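Heads up, the thing below is written out as structure tokens.
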Amino acid sequence: MSLEFSADAQKKIAALCERYSVSGSKQAVVMPALHLAQKEHGHLSDDALRLVAKTLDLPYAHVYGVATFYTMYRLVPGGVTTIRMCTNISCMLRRGYEVLAAFEQQLGLKAGESNAEFSLVEEECIAACCNAPCAVVGTEYILDITPDQVPQIIHRLKQHPRPESEVV
């Protein structure tokens, strides 16, 4: 394994372990450690997952299970800006699939694909049902989206890329 955490990330993980470790287990720190690994290494390669497991003294299978359960973790390289488009029931009923199709057409990507600039993710729910259809980009919620707004949204995101939010 050639990957390592930066000194800053090591300090953050140590502080999180001190704060959240229960009975010596560091399972509560897995998610923030995965966020740090993804931030530092771009995505969660097998080496990055092994680094998190080794750092937290946890089984690789546990770390892998967490990383593959949540859509905010990328196991393959992604774009600078990730658009998470909700297609759950409220968004679906208010043209969410049409908005997703507009994003796909404008970006030249299918949901689940990436290029250097963008990753497009079909999200199960982003908890903004009263403003459906909606998407989240970093820490910004884009609400009440219509298909005809998608070109302007993409133009704005190209002008001001929004990498994944700082979570730790």
Acute angle (nearest 10 degrees) that the helix 60-69 long axis makes with the longest principal axis of the chain, alpha-carbon atoms:
10 degrees
Reduced to Cα centres, the span from segment 104-129 to segment 1-27 in Å works out to 31 Å
Between 83, 153, 142, find the one with the highest GNM mean-square fluctuation for the chain; connect C-alpha pairs within less than 10 Å.
153
To the nearest 10 degrees, the tilt of helix 46-56 (Cα long axis) against the first principal axis of the alpha carbons of the chain is 50 degrees
Lys pairs under 30 Å by Cα in the chain, provided they are eight or more residues apart or on distinct chains
12
Determine the gain in length on full extension of the stretch residue 143-residue 76; use 0.36 nm per residue of separation and subtract their C-alpha separation, reporting nm with one decimal.
21.3 nm
Computed for segment 13-168: size of charge dipole around the Cα centre, +1 on C-beta of each Lys and Arg, -1 on C-beta of each Asp and Glu, debye to nearest 20, value 160 debye
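Can you tell me the dipole magnitude for segment 81-159 around its Cα centre, using point charges on the Cβ only (Lys, Arg +1; Asp, Glu -1), in Debye to the nearest 20?
Numbers: 6 positive and 10 negative charges, 23 e Å.
Dipole about the Cα centre, nearest 20: 100 debye.
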Using only Cα atoms, find the angle between the long axis of helix 150-159 and the longest principal axis of the chain, and express it within 0 to 90 degrees, rounded to the nearest 10.
50 degrees
Going by a 4.7 Å Cβ-Cβ cut-off, which cysteines of the chain have no partner at all?
17, 125, 129, 130, 134
Of 150, 22, 99, the most mobile residue in a GNM of the chain (C-alpha springs, cutoff 10 Å) is 22
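Readers should treat all values here as calculations from the given coordinates under stated rules, not as data from a laboratory. These numbers come from a predicted model, not from an experiment. Counting neighbours? That spans all protein chains shown, and the Cβs are built from the backbone with ideal geometry, glycine included.
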